[in-house]
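> Can you read through this structure? Questions will come right after.
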Amino acid sequence: MSFDIRVMLSRRFRFLPHRAFAILHHALFQGEITTLRKPRTYAQLLAKKNLGEQSELVHITADKYRVREHVADRIGAEHLIPLVQVVERAQDLDLESPQRPYVVKGTHGCDMTILVPHPAAADHARIRSTVARWLRTDFFVHGWRERPYQGLTPRAVVEEYIGDGTKPPADYKFFVFHGEPAMVVVDQDRFVAHTSTLLHPDWVPFRISGRFAQADRLPEKPACYERMLEIARTLGKDFTFARIDLYDVDGHVYFGEITHNPGGGLVRLQPRAFDRALGNLWRNGTPIPERFIAR
């Protein structure tokens, strides 16, 4: 069954109660039936965590606008992407003033991003229409029932387009368990020919695969990688698990987002034994076995 068919089937069952939907959703995307009452694997633990009530800090850090103050307090405002505007109504967007490339993002969910590398040629009506649709969307209800997004105020932010202004910089996603990074996923060319390379924090590949193809060559290790690890630890230590997304632009680290339910729980890691290994790390602090690391 293709990924797209699983997405379609899952959407048809959104009427189900939360636990029943979570069990069905997990079965469709992870290929296993479980009650989620005694989770053992990473995917099961993620689904179980998403079933429960979330702390206020989880809601704050899932909000792509409110998280900015939290990040500034923890690691310094210099790591924030410069903010141009924040609105709660699409008609309030000022799209005429920006002279430099910018990005428009929804703050209350995911997959809400518009890249504007050429402001003078931007279709303002299309941008406002898309943002208006975002702002009408309750991402918890209409998405994958991701609890961190439940109750968030719908907003849109306009940020500077960091990097060279033509394509997004590589996205470094740190999977942090109990304050310690255990995996780094490097997403490149996300909006064109997306690759996603899964690495051990020592910057060596894992012998595993996820949803997207891995890059043909090992991505270059950022010059500021040690600072990235330090930031990931600082921002991740408040949670049993979180994914911390960062960018490197000319040796400077920018914060991307904090994600509490990566991929909506959709990504099936292969081999399945690695999913269990991540679960052991999450539950017991057991190191990932060397057989999964291509040293």
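The values are calculated or read from the model by the stated rules, or taken from the named source; none is laboratory data. As the structure is a prediction and not an experimental result, all values here were calculated from the model. Because the Cβ atoms are built from the backbone with ideal geometry, glycine has one as well, and the counts that use them run over all protein chains shown. In case anyone asks, the SASA skips ligands and DNA or RNA and just uses the protein heavy atoms, side chains included. Shrake-Rupley method; radii C 1.70, N 1.55, O 1.52, S 1.80 Å.
> In whole Hz, with x marking every Gly and Pro, tabulate ³J(HN,Hα) for region 170-178 from phi via Karplus 6.51 cos²θ - 1.76 cosθ + 1.60, θ = phi - 60°.
For region 170-178, the Karplus curve yields 4, 9, 9, 10, 9, 8, 10, 10, 6 Hz.
> OK, next. Determine, from the Cβ-Cβ distance of Thr153 and Arg276 and an R0 of 22 Å, the FRET efficiency 1/(1 + (r/R0)^6), rounded to the nearest 0.05.
Numbers: r = 38 Å, r/R0 = 1.74.
E(calc), rounded to 0.05, equals 0.05.
> What does a probe at Leu83 reach in region 140-162, counting residues whose amide N is under 20 Å from the point 7 Å along Cα→Cβ?
Once the point is set 7 Å along Cα→Cβ of Leu83, 149-162 turn out to lie under 20 Å by backbone N, inside region 140-162.
> Could I ask something else about it? Quick one: compute the contact order of region 1-154, relative version, from alpha carbon pairs under 8 angstrom and 6+ residues apart, as a percent. Working shown, then result.
Values: 145 pairs, mean separation 30.4, N = 154.
Relative contact order here is 20 percent.
> Please report, for the Cα atoms of region 121-246, the Rg to one decimal and the Dmax as a whole number; what are they, in angstrom?
17.1, 46
> Shifting gears a bit: Relative contact order for region 204-295: what percent, with Cα pairs under 8 Å and sequence separation of 6 or more?
Values: 85 pairs, mean separation 34.3, N = 92.
Reported as a whole number, the value is 37 percent.
> Using modelled backbone amide H atoms (1.01 Å from N, in-plane), which distant-in-sequence or interchain residues come within less than 5 Å of Phe241's amide H?
For Phe241, the qualifying residues are His178.
> Sticking with this one: Heavy-atom accessible area per residue, the chain, 1.4 Å probe: how many Å²?
Accessible area per residue, the chain: 48 Å².
> Separate question: Return the long-range amide H neighbours of Val249 (sequence gap of 5 or more, or a different chain), with a cut-off of under 5 Å between placed amide H atoms.
Here the answer is Tyr254, since their amide H atoms fall under 5 Å of that of Val249.
> While we're on this one: Within the set of other residues whose C-beta is less than 12 Å from the C-beta of Ala90, count the net charge using Lys and Arg as +1 and Asp and Glu as -1. Let's see the in-between values first.
Details: positive: Arg89, Arg126, Arg128, Arg133, Arg136, Arg155; negative: Glu88, Asp92, Asp94.
That sum, taken over residues with Cβ under 12 Å, equals +3.
> Would you list Leu115, Leu218, Leu229 from the most to the least accessible area, probe 1.4 Å? Don't skip to the answer; put the middle values down first.
Values: Leu115 55, Leu218 95, Leu229 10 Å².
Output order, biggest surface exposure first: Leu218, Leu115, Leu229.
> Same structure again: For the chain, how big is Rg over Rh, using alpha carbon atoms and the Kirkwood form of Rh? Walk me through the intermediate numbers first.
Numbers: Rg = 19.0 Å, Rh = 20.0 Å.
Rg divided by Rh gives 0.95.
> Going through the cross-link list Lys48/Lys237; Lys173/Lys221; Lys173/Lys237; Lys105/Lys237; Lys38/Lys237, which pairs have a Cα-Cα distance over 18 Å in this structure? List each step's numbers first, then the result.
Details: Lys48/Lys237 20 Å; Lys173/Lys221 13 Å; Lys173/Lys237 15 Å; Lys105/Lys237 26 Å; Lys38/Lys237 24 Å.
From the list (Lys48/Lys237; Lys173/Lys221; Lys173/Lys237; Lys105/Lys237; Lys38/Lys237), the Cα-Cα distance tops 18 Å for Lys48/Lys237; Lys105/Lys237; Lys38/Lys237.
> Return the calculated 222 nm mean residue ellipticity for the chain, to the nearest 500 deg cm²/dmol, obtained by summing -39500 (n - 2.57) across DSSP H runs with n ≥ 4 and dividing by the residue count. Spell out each step's value before the answer.
Details: 9 runs with 90 residues, N = 295.
Rounded to the nearest 500, it is -9000 deg cm²/dmol.
> Compute the orientation-averaged projected area for region 53-152 from the convex hull of its Cα atoms and round it to one decimal in nm².
Details: hull surface 27.9 nm².
Seen from a random direction, the Cα hull of region 53-152 projects 7.0 nm² on average.
> For Cα pairs less than 8 Å apart in space and 6+ apart in sequence, what is the mean separation divided by the residue count of the chain, i.e. the relative contact order in percent? Write out the running numbers ahead of the final one.
Values: 517 pairs, mean separation 59.1, N = 295.
In percent, rounded to a whole number, it is 20.
> Ok, one more. Would you mind checking region 157-189 for residues with the amide N under 20 Å from a putative spin-label position 7 Å along Cα→C-beta of Glu290?
Label zone hits: 182-183.
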